[in-house]
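This report refers to the structure that appears directly beneath it.
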Amino acid sequence: MVHPCGLDFGTSNSTMAQVDGSGVPQLLPLEGANETIPSVLFFPFADEPVLFGRAAVAQYVSGAEGRLLRSLKSMLGTGLFGEKTRIKARSLGFDEILGIFLGELKRRAELSLGAPVERVVLGRPVQFVDDDPAADRAAQDQLEAAARAQGFGEIAFQFEPIAAALDFERGIGTEQLALIVDLGGGTSDFSVVRVGPERARRAERGGDILATGGVHVGGTDFDRLLAVAKVMPHLGMGSQTRDGKRFLPVAPYHELATWHRINRLYSAQSLRDLRGTMREAREPEKVERLIEVVEDRLGHQLVGAVEGAKIALSSAGETQFSFPVRDERIETLIDSGELVEILRASAERIEAAIGEVLARAGVEARAIDSLILTGGSTQVPAIAGRLRALFPDAELVRTNVLGSVGLGLAIDAARRFGPGPDTISPSR
């Protein structure tokens, strides 16, 4: 049997799902018993196979020599996607690297199902690239080409927030007006959708979508902003030259804080530039620590530690950030109030985009019955609190934040390629 599946390729995590024989969408185990897999690859410099997901991160953190690649989705539709990166003696295009990851997802899904997976509905953000339709179209084409090259014969796309709506409405008994807020690793998407048990049985849902919108802001942006504000000053950002006439160049710090740009620092020319900066710096010891981070290729581990601090602030008022660099440590205390201020501009962009979506839908905030939050970044209190304040009368619905999109994509796949819509079972 050929199983149609939904594939949620995320900036930070990915899932695959299918509708089982009883009509219930199920996430597939992709890494042991885990139904999510981090969207990460590790290419060992030794003659060993490529590692994926948690295994890739663990190998990298262990200090093994190799290249860690993450946030591939952020490159879709950008000039970076056409570049090549050197891995051992080979230069690989990011299209090839993306294909390797998608091919591994396909292989693992087929192993779980015991059957080929050739038909797939891929999730996509409302906007891969803000305010650039040509780049947005190119991003979808790049993702489709990478999937097709791995053997997916029939491919369709569905907006990620619409997929979340398909999952949500399996469990409701009355018609509602819902706002789906999908805050992922790289994008934030919003949709005003009419949902209900009768509508759930329809194969075509275009008329139920009153408006959609999105903005290219997500969890990796939150990590970058936190790193720039709280960690990079310990490496010299914001400090001056010895003569006091100018500040040190900021570009290396922004590259070190951005997952998919970190590798640009790992070149002989970048190190020469940083050593020149250190000679001019009023506080050369800070720049020396930056150089040590780059020489030891600790950039991805550093940003991973920043992400860990952000997650810790989801359940604590403050957290102590501590990161080892040779025989010293970068130490700083971060409190939740600081994170609110650091993310204020991002929260305002998200709120403005939601306002535009409501205006296009022709509804006011008080008309929203359900506020549906999905995506890992909805767990950040600095963002979730502001969203809740916008819709105080709406029912707050927290989905399976990492799995609801994949489940909805599986429902869509079953309707397009497999069983009819009447066979999708309500949630139990």
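Summary of computed values
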quantity	calculated
Extreme residue, surrounded by the fewest Cβ atoms within 10 Å (Cβ to Cβ), among residues of region 15-33 that are farther than 15 Å from Gly418 by Cβ and at pLDDT below 95	Ala33
Strands (runs of 3 or more DSSP E) within region 1-76 that include 1 or more residues polar (S, T, N, Q) and closer than 28 Å to His216 by Cβ	13-19
Qualifying residues in region 278-296 (those that are farther than 20 Å from Arg246 by Cα and acidic (Asp, Glu)) - the one surrounded by the most Cβ atoms within 10 Å (Cβ to Cβ)	Glu292
Residue within region 100-110 that is touching a residue at least 12 places away in the same chain (Cβ under 8 Å), in contact with a helix residue (DSSP H, G or I) (Cβ under 6 Å, 6 or more places away or on another chain) and under 30 Å from Gly408 (Cα atoms) present	yes
Every residue from region 234-255 that is within 27 Å of Ile350 (Cα to Cα), touching a residue at least 24 places away in the same chain (Cβ under 8 Å) and surrounded by fewer than 20 Cβ atoms within 10 Å (Cβ to Cβ)	His254
Criterion violated by Glu104 - all others in (1) over 22 Å from Leu51 (Cα atoms); (2) charged (D, E, K, R); (3) in a helix (DSSP H, G or I) satisfied	(1)
Unique match (being part of a strand (DSSP E or B), among the β-branched types (Val, Ile, Thr) and either over 28 Å from the mean Cα position of the chain (by Cα) or more than 24 Å from Val24 (Cβ to Cβ) (or both)) among Val192, Val217	Val192
Candidate set from region 233-279 (those that are at pLDDT 95 or above and among the β-branched types (Val, Ile, Thr)); member that is farthest from Met75 (Cα to Cα)	Thr241
Filter result for the condition that a residue is assigned to a helix (DSSP H, G or I), more than 19 Å from Val217 (Cβ to Cβ) and not assigned by TED's automatic domain parsing to the domain that holds Glu118, over Arg349, Arg416, Arg386, Arg366	Arg366
Region 27-60 - residue that is among the β-branched types (Val, Ile, Thr) and touching a Gly at 6+ places or on another chain (Cβ under 8 Å) and, of those, nearest to Ala305 (Cα to Cα)	Val57
Subset of region 264-277 [in a helix (DSSP H, G or I) and surrounded by fewer than 19 Cβ atoms within 10 Å (Cβ to Cβ)]	Arg264, Ala268, Gln269, Ser270, Leu271, Arg272, Asp273, Arg275, Gly276, Thr277
Residue selected from region 317-343 under the condition of a type outside the set (Asp, Glu) and not in a strand (DSSP E or B), by the criterion farthest from the chain's Cα centre (by Cα)	Arg326
Residue list for region 164-189, filter: of a type in the set (A, V, I, L, M, F, W, C) and more than 26 Å from the chain's Cα centre (by Cα)	Ile172, Leu177
Residue within region 160-167 that is out of contact with any Asp or Glu (no Cβ under 9 Å at 6 or more places or on another chain), of a type outside the set (Gly, Ala, Ser) and touching a residue at least 40 places away in the same chain (Cβ under 8 Å) present	yes
Test for Ser314: is it hydroxyl-bearing (Ser, Thr, Tyr), under 20 Å from Val340 (Cα atoms) and not in a strand (DSSP E or B)	yes
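Let's see how each residue does on (1) modelled with pLDDT of 85 or more; (2) surrounded by fewer than 19 Cβ atoms within 10 Å (Cβ to Cβ); (3) within 25 Å of Asp47 (Cβ to Cβ):
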site: Ser71; (1), (2), (3): no, no, no
site: Gly77; (1), (2), (3): yes, no, no
site: Gly82; (1), (2), (3): no, yes, no
site: Lys88; (1), (2), (3): no, yes, yes
site: Arg108; (1), (2), (3): yes, no, yes
site: Gly114; (1), (2), (3): yes, yes, no
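Every residue, every condition in (1) modelled with pLDDT of 95 or more; (2) over 19 Å from Val126 (Cα atoms), yes or no:
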residue: Ala353; (1), (2): no, no
residue: Val357; (1), (2): yes, no
residue: Gly375; (1), (2): no, no
residue: Arg386; (1), (2): no, yes
residue: Arg398; (1), (2): no, yes
residue: Gly403; (1), (2): no, no
residue: Gly418; (1), (2): no, yes
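The values are calculated or read from the model by the stated rules, or taken from the named source; none is laboratory data. As the structure is a prediction and not an experimental result, all values here were calculated from the model. For neighbour counting, all protein chains shown are included, and Cβ atoms are generated from backbone atoms with ideal geometry for every residue, glycine included.
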